[in-house]
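K.L.:
Take this structure, written in structure tokens, and hold onto it; I'll ask about it next.
The values are calculated or read from the model by the stated rules, or taken from the named source; none is laboratory data. Computed from a predicted structure; not experimentally measured. In this analysis, Cβ positions are derived from the backbone assuming ideal geometry, glycine residues included, and neighbour counts consider all displayed protein chains. The accessibility values were calculated without ligands, DNA or RNA, using every heavy atom of the protein model including side chains. Shrake-Rupley method; radii C 1.70, N 1.55, O 1.52, S 1.80 Å.
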Amino acid sequence: MIELRNLSVHYGRAIAVNDVSLSFPSGTVNCIIGSNGAGKSTILRTISGLVRPSSGQIVFEGEPIQNLTPKQIVERGIAHVPEGRHVFPELTVEENLKIGAYLRADAAAVKRDFDAICGAFPRLAERRKQFANTLSGGEQQMLAIGRAIMAAPRLVLMDEPSMGLSPVMVATMGDIIRSINAEGRSVLLVEQNANVALSLSEDAAVLEQGRISLAGKAALMKDDEHVRVAYIGV
Ligand code: ATP
């Protein structure tokens, strides 16, 4: 369970997240949808400890985490796949993946996860000696996800996983997200692509100018008139 309690985040004087309260159960895929600048990335960056909240709490598995460092938050079991991939361009695919496990001491378990990721992402396995900056955009997105999984997280935060991908690749990404969840990991997606996010998710929330305007079951939200007009475009 990840819970945001009255979370507010400022950049200087500007408020990016305004008194957000949300909770998502463990073991499911959930999403926050919203348009450009709504504050979605800021929420994920705050959960990961990259940005400090100005007030409120973030509770993960019953413990407040908003004062922990990013490293401690990874150790608690939360991994972040940032927007725009951010792989290490001058490291190989294999090196990028291994960096994801830098806090783990159990070398045998790390090796097992590395092999499992190579099995799940054959395109990465074929390219394991290739530099990350020579991968296609979709392959870099897979690598960023694989790197996050190497941390053995229980919760995976994903910032716009469908961005910049072809329709075929978006469908593949959907399968990847479902399989990550099938391994018992929770996933919190933030997306502008409401259609994709809602079809993958159990629970969903709509963020507008830093505030939650709607929250509930993703399946029902697809039929909501405002969501359809503003975020699905039908
Ligand atoms: P997008 O989908 O376009 O990435 P978003 O919903 O993820 O948008 P955020 O990136 O969280 O939105 O941004 C929320 C607001 O905070 C925006 O007005 C943005 O300009 C502002 N903001 C984000 N990062 C910073 C920063 N480092 N310094 C100052 N303002 C920022």
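K.L.:
Could you work out the relative contact order of the range 2-232, using alpha carbon pairs under 8 angstrom and six or more residues apart, expressed as a whole percent? Present the calculation step by step, with values, prior to reporting the outcome.
P.N.:
On the way: 434 pairs, mean separation 65.1, N = 231.
Computed value for the range 2-232: 28 percent relative contact order.
K.L.:
What value, in deg cm²/dmol to 500, does the helix sum -39500 (n - 2.57) over DSSP H runs of n ≥ 4 give at 222 nm once divided by the residues of the chain?
P.N.:
Details: 9 runs with 81 residues, N = 234.
My calculation for the chain gives -10000 deg cm²/dmol from helical runs alone.
K.L.:
Rounded, prolate or oblate: which one fits the range 1-74, using the alpha carbon gyration tensor with axes a ≥ b ≥ c (rounded when a/c is under 1.5, else prolate when a/b beats b/c, else oblate)?
P.N.:
Values: a/c = 1.67, a/b = 1.20, b/c = 1.39.
Verdict is oblate for the range 1-74.
K.L.:
Once you mark the trypsin sites (Lys or Arg not before Pro) that are in a DSSP loop and have at most 12 other Cβ atoms within 10 Å, what is the longest gap between them in the chain?
P.N.:
On the way: sites that count: ARG13, LYS129.
Within the chain, the longest run free of exposed trypsin sites (Lys or Arg not before Pro) spans 14-128.
K.L.:
If you don't mind, there's one more thing I want to ask. Based on DSSP, what percent of beta bridges with both residues in the range 2-232 are antiparallel, to the nearest 5?
P.N.:
On the way: 21 of 39 bridges.
Of all bridge pairs located within the range 2-232, approximately 55 percent are antiparallel.
K.L.:
Further question: Find the all-direction average of the projected area of the Cα convex hull for the chain, expressing the result in square nanometres with one decimal place.
P.N.:
Details: hull surface 49.0 nm².
Spelled out: convex hull of the Cα atoms, projected over all directions, averaged, 12.2 nm².
K.L.:
Continuing with the same structure: Which value results for Rg/Rh of the range 138-234 when Rg is the Cα radius of gyration and Rh the Kirkwood radius based on the inverse mean 1/r?
P.N.:
Using only Cα positions, Rg/Rh for the range 138-234 is 0.97.
K.L.:
Then there is this: Send over a whole-number figure in Å² for the accessible area per residue of the range 2-232, probe 1.4 Å.
P.N.:
I get 45 Å² per residue for the range 2-232.
K.L.:
Expressed as a whole percentage, what fraction of the accessible surface of the range 90-234 belongs to carbon and sulfur atoms when a 1.4 Å probe is rolled over the protein heavy atoms?
P.N.:
Details: 3620 of 6750 Å².
Taking all protein chains in place, the range 90-234 shows 54 percent carbon and sulfur surface.
K.L.:
Which far-off residues, 5 or more places away or on another chain, put their amide H under 5 Å from the one on ASP203, with H placed in the peptide plane?
P.N.:
For ASP203, whose amide H was placed from the backbone, the distant partners under 5 Å are CYS31, ALA218.
K.L.:
With just the Cα atoms defining each centre, how far is the range 95-134 from the range 1-70? Give it in Å.
P.N.:
Cα centres, the range 95-134 to the range 1-70: 29 Å.
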